[in-house]
Ligand SMILES: [Zn+2]
Ligand SMILES: [Zn+2]
């Protein structure tokens, strides 16, 4: 018993020695917070990206413009290395979209085509509506339940701090058109994956299935979904005309834009900070994901302004995230053999509201390092979430799957995120510069301490 | 001195006797509050009007549909008399509108044509932007200051409780295109008259002047005005292409829809409750002015459910307000000789937020009656505003000009009104049924007591 206790104490002492940062490191950490919280850099980055480039959907010329813009921006900021790596993705273009209620009486409704949607005929697809409250209800409906009709899934997304209500809501967007087609529908429409009252439809990926006829797929703004719901409740037969003109363009090429501040002691080992450079085409992609681009870029820059790091700090601006994580997949494929060099990875892709928690996904013997880092985030309002089951962000899914990369979630308050996500209303004015800078400070401290840590963390 | 005091006391007693309502009237007043606050009628009216009819701009078939709908609705509710009176107005139709920034780099911007705007050529009007912060700044600019350019007035409307910030902001909308044309501009655009951050452009009346070339006139959503402002601040030359397709259609005809519960003692004398039935074409006109239609209709109905009134209570749903108060003007013209029969007039046309004050515009010897009525609104949260200078609402301007009609403002909280006003986002979900019912209660008590008052109020 005594021996066991001693062993535990020694272990504890070792852990302490390994993962408590020295006085100089702590001093730089405090300077980093102050610099990040008082800088205008991140806001300036997202302001210029969303203003000078604006919308930048992969497959459009604007995306390549964004790649050039980002290369120049990282060079301008003095990253030690700046380069790009190609990523292929299925390109899709939106040309036009509109819809109106025809019966009981004509009125326009606000829709947007879901990503990959096929076109309607030139004059639209006109049919009666059949309503289902959930995807499950549609799935449970008999064969031909929607024969010749437009399926309308009316599921309302809940508001939540951590965004976990997105998962259940997004199922209908991902698979609704396939199930509707299986039930005989001529088109698919859904209440937007949205928490807003405003009259913006939310786009997002929709996926067809081989062997099942692809039908046009659109989302309605919440007030328009309400409108159709009420017309049905009032006992009217509702007929809608949907018009979507869009085109799949085969495989396109975009680029992950990468910038690195190279470490002095272990340059091959690096902290990976991720965000995605592309956006949907409707808004200017301020929250999704201009904010992320700005946060991680400014965080890396601020570290470099104060010190050289032992390990490298690498910023990866992923390509074609919205089309299905194509930049992230390309990165993991290209860097497959060296993923073990990543000592920590985090992605900022959830808007610009405050970070309230840090969570890891690491081997258990790396947890002391995690806790040592988390300690220095506390006064930024970030608590330690001990679940050690971090998701990390969409672009980190392929990294997570490798099981070797230590993944981190710097959890942001997502209460309002789905008011704007994937809409025309995702514009710069939705970003609070003070909250943005809290994010920069958290990412900067996180990256700096992970780069300096004596123990190299490992994934699980 | 003693004699004077006695006279004052006698006068005061007379006033007291004349303007304090009897026990039965006070009992009905209290029942009216309870009924109004707990009814679903007003919300049901605005829900069905905005859902079954939806947008109803004068000059479109939807407006005439709204007239039919309203006639049937007033009949269904059992008004003693329901009729309509024609009103002519200059009809204008919006066909399409779009805009994009061409230089420094293409991106769409969200605009809406102002009412009466002429069309651009089929492919749009493309020109560099010249920015002015205010209409006054444009007016002060030299001749040809905007030669061959698109004038952009960047004035930001303030948020205010009483909506008084609308006045200064709306000048640019009313006259901006004329002044821009005088300075050589090929088109006029302005930051929307809006307090919202959301990406909706706000339409509204624009007026040309004989002898000055009519140029296309549009409003930008606030985020898009920000975008152009930032591009200019970043030092870019900004070129925009505006495309508006619209048409003036000569004089059209719509109808004031009128319903009356007829008084038992003085049927020719009546309380006039006004709202406008028409809306702009972009939204469903829930706040502007479906709410007003619902509030006054429900108020009159609730009175009738409890009692007959001495004087009549007349609901007037004005036509073509948005085109320039054409229904109100037609009403005043037709009823010119009998305007003296109106014992009190109030219009509900400022959304559905709470009423916080009542203000009159009456001859001074009618003020005791005003105060007697105001006393019974106090527990509904309505204070007495003694300025006695009520505006009354836009459709009451022609009534006010007659100087014989006692005008009332039941002042609503307008803090959020200009977030939605004249946009596609003016939809039912913006109405809080509890606040709506407070409005109904205030209008019901106001109308009932004005109808019962022993003293007939007179205007000034
Ligand atoms: Zn994203
Ligand atoms: Zn109005």
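Odds and ends about this structure:
- Shielding by other protein chains, A:193-206, mean Cβ within 10 Å: 3
- FRET efficiency for residue B:103 and residue A:266, using Cβ-Cβ distance with R0 set to 35 Å, rounded to 0.05: 0.15
- Against chain A, whose longest principal axis is taken from its Cα atoms, helix A:2-19 shows a tilt of about 80°.
- Measuring max minus min along each principal axis, the C-alpha atoms of segment A:72-174 give extents of 62, 37, 27 Å (largest first).
- Average projection, convex hull of the Cα set of segment A:186-274: 10.9 square nanometres.
- The residue B:93 and residue A:95 beta-carbon pair, evaluated with R₀ = 30 Å, returns a calculated FRET efficiency of approximately 0.75.
- Cα→Cβ-extended label distance, 7 Å offset, between residue A:251 and residue B:81, nm: 7.9 nm
- Segment B:298-440: radius of gyration over Cα atoms, expressed as a fraction of 2.2 N^0.38 Å: 1.08
- C-alpha long axis of helix A:166-182 to longest principal axis of chain A, angle in °: 40 degrees
- Relative contact order of segment A:27-102: 19 percent, from C-alpha pairs under 8 Å at least 6 residues apart in sequence.
- Label point of residue A:456 (7 Å along Cα→beta-carbon): distances to the other copies' equivalent points are 9.8 nm, sorted ascending.
- Direction-averaged projected area, Cα convex hull, segment A:91-247: 9.0 nm², rounded to one decimal.
- Sorted by Cβ neighbour density within 10 Å, fewest at the top, the residues B:77, B:135: B:77, B:135
- Span from the segment B:358-402 Cα centroid across to the segment A:176-218 one, whole angstrom: 53 Å
- Segment A:136-222 - Rg (one decimal) and Dmax (whole number), Cα, Å: 12.9, 40
- Residue mean of other protein chain beta carbons inside 10 Å, B:427-434: 3
- For segment A:278-344, radius of gyration divided by Kirkwood radius, i.e. Rg to Rh on alpha-carbons: 1.03
- Counting DSSP beta bridges with both ends in segment A:91-247, the antiparallel % (nearest 5): 60 percent
- Alpha-carbon Debye profile of segment B:219-344, log10 I(q)/I(0) at 0.18, 0.20 Å⁻¹: -1.01, -1.15
- Between residue A:379 and residue A:164, full extension at 0.36 nm per residue minus the direct alpha carbon distance yields a gain of 74.8 nm.
- Rounded FRET efficiency, nearest 0.05, which uses the C-beta distance separating residue B:333 from residue B:65 and R0 of 30 Å: 0.70
- Rounded to the nearest angstrom and listed largest first, the equivalent-ellipsoid semi-axes of the protein assembly as shown from its Cα gyration tensor are 58, 31, 29.
- Antiparallel content of DSSP bridges confined to chain A, in %, to 5: 55 percent
- Residues B:269, B:347, A:133, arranged from fewest to most other Cβ atoms within 10 angstrom of their Cβ, appear as A:133, B:269, B:347.
- DSSP bridge pairs, the protein assembly as shown: antiparallel proportion in percent, nearest 5: 55 percent
- Exercise: per-residue mean of other protein chain Cβ atoms within 10 Å, A:50-56: 6
- Å³ per residue enclosed by the Cα convex hull of segment B:29-133: 229 Å³
- Three principal axis lengths of chain B [C-alpha, angstrom, descending]: 77, 56, 39
- Per the rotation superposing chains A and B, the chain A residue found at the smallest beta carbon distance from the axis is A:198, 3, distance in Å.
- Remark: relative contact order (segment B:312-460) = 36 percent; criterion is Cα-Cα distance under 8 angstrom and separation of 6 or more residues.
- Residues A:364, B:98, A:36, sorted so that the one with the fewest Cβ neighbours within 10 Å comes first: A:364, B:98, A:36
- Computed helical MRE - 222 nm, the protein assembly as shown, DSSP H runs ≥ 4 contributing -39500 (n - 2.57), nearest 500: -10500 deg cm²/dmol
Every number here is computed from the coordinates shown, using simple stated rules; none is lab data. If you're wondering where the values come from, they're calculated on a predicted model, not measured in any experiment. We place every Cβ from the backbone using ideal geometry, glycine too, and count neighbours over all the protein chains shown.
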